[in-house]
1. Go through (1) farther than 21 Å from residue 59 by Cα; (2) touching a strand residue (DSSP E or B) at 6+ places or on another chain (Cβ under 7 Å) one by one and return the number of the condition residue 109 breaks.
2. When segment 1-33 is examined, which residues are found to be aliphatic (A, V, I, L, M), closer than 22 Å to residue 119 by Cα and buried (at least 17 other Cβ atoms within 10 Å of the Cβ)?
3. Can you find, within segment 64-104, the residue that is most open to solvent (accessible area, probe 1.4 Å) among those that are in contact (Cβ under 8 Å) with a residue 40 or more places away in the chain and part of a strand (DSSP E or B)?
4. Report, by residue number, each residue of segment 126-156 that is more than 21 Å from residue 75 (Cβ to Cβ), of a type outside the set (A, V, I, L, M, F, W, C) and open to solvent by less than 50 Å² (accessible area, probe 1.4 Å).
5. Name the residue, out of 7, 57, 18, that is under 22 Å from residue 122 (Cβ atoms), out of contact with any strand residue (DSSP E or B) (no Cβ under 9 Å at 6 or more places or on another chain) and among the aliphatic types (A, V, I, L, M).
6. Against the definition (surrounded by fewer than 15 Cβ atoms within 10 Å (Cβ to Cβ) and part of a helix (DSSP H, G or I)), how does residue 36 come out, yes or no?
7. What tally of residues in segment 105-119 results from selecting those that are open to solvent by 30 Å² or more (accessible area, probe 1.4 Å) and either assigned to a helix (DSSP H, G or I) or more than 10 Å from the ligand (Cβ to nearest atom) (or both)?
Amino acid sequence: MLRESEARDRTAFVELLASPDVHTYLGGPGPRDVLERDLPEVPERWAGSFVVDLHGAMIGQVLLRRASRHRPSAVGKVDLGYLFLPRAWGFGYAAESCTAALGWFADVLPSEPVVLATQTANVSSMRLAAKLGFTEVERFHAWGAEQWLGMRSSVTPSS
Ligand SMILES: CC(C)(COP(=O)(O)OP(=O)(O)OC[C@H]1O[C@@H](n2cnc3c(N)ncnc32)[C@H](O)[C@@H]1OP(=O)(O)O)[C@@H](O)C(=O)NCCC(=O)NCCS
């Protein structure tokens, strides 16, 4: 289930944001003690931030937000992001959640494409992007690694 974040998700957010495995291709994890101290009581509650809930517990986060620091071709477009706790990898939950979020987005803003950036070394993320229908716009070097920028055309909402 996709839902907005709640105070009971705070521990899972700390786990997610402090996990070295989750941040292997994302510039490294945040310091756990700083996250424990500084995360708001209800973390990451903003329009476009979805908690992925499995049987009542948070297993990940899906994000849709305006791209600001992307390549010129992507600036201002909506960008898809996804982070899942390692124990939830390999079950198809990321694909299912992102498909649902993209479906919601296509209903809300039908004509807008979505972009996605990931390191090419992030094989799971590259596979997920392809599964979700993103196609390559360009590859470029930034933050010490090769990056992949993909785009997904708007999908006509189901009536
Ligand atoms: C990127 C990330 C979300 C991918 O998670 P994931 O669980 O591998 O992704 P999916 O939901 O696509 O599931 C993948 C596997 O689940 C398996 N699976 C098991 N049961 C399944 C089911 N019922 N339906 C679909 N897939 C299933 C599939 O074999 C699939 O593997 P495949 O891609 O080889 O077909 C995860 O690795 C992650 O959180 N990484 C850290 C954060 C990160 O790097 N984010 C990218 C930011 S750009």
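The values are calculated or read from the model by the stated rules, or taken from the named source; none is laboratory data. Fair warning: this is a prediction, and the values are worked out from it, not measured in the lab. No Cβ is skipped: glycine too gets one built from the backbone with ideal geometry, and neighbour counts run over all protein chains shown. For the accessible areas, the whole protein counts, side chains as well, though only heavy atoms, and no ligand, DNA or RNA atoms are used. Shrake-Rupley method; radii C 1.70, N 1.55, O 1.52, S 1.80 Å.
1. (2)
2. Let us first name the residues in segment 1-33 that are aliphatic (A, V, I, L, M), namely 1-2, 7, 12, 14, 16-18, 22, 26.
Filter once more, so that each one left must be closer than 22 Å to residue 119 by Cα: 16-18, 22, 26.
Within segment 1-33, 16, 17, 18, 22 qualify.
3. Only one residue fits best here, namely 82.
4. Across segment 126-156, the qualifying residue is only 133.
5. Of the residues listed, the single one that is under 22 Å from residue 122 (Cβ atoms), out of contact with any strand residue (DSSP E or B) (no Cβ under 9 Å at 6 or more places or on another chain) and among the aliphatic types (A, V, I, L, M) is 18.
6. Yes, satisfied.
7. Total satisfying the criteria: 7.
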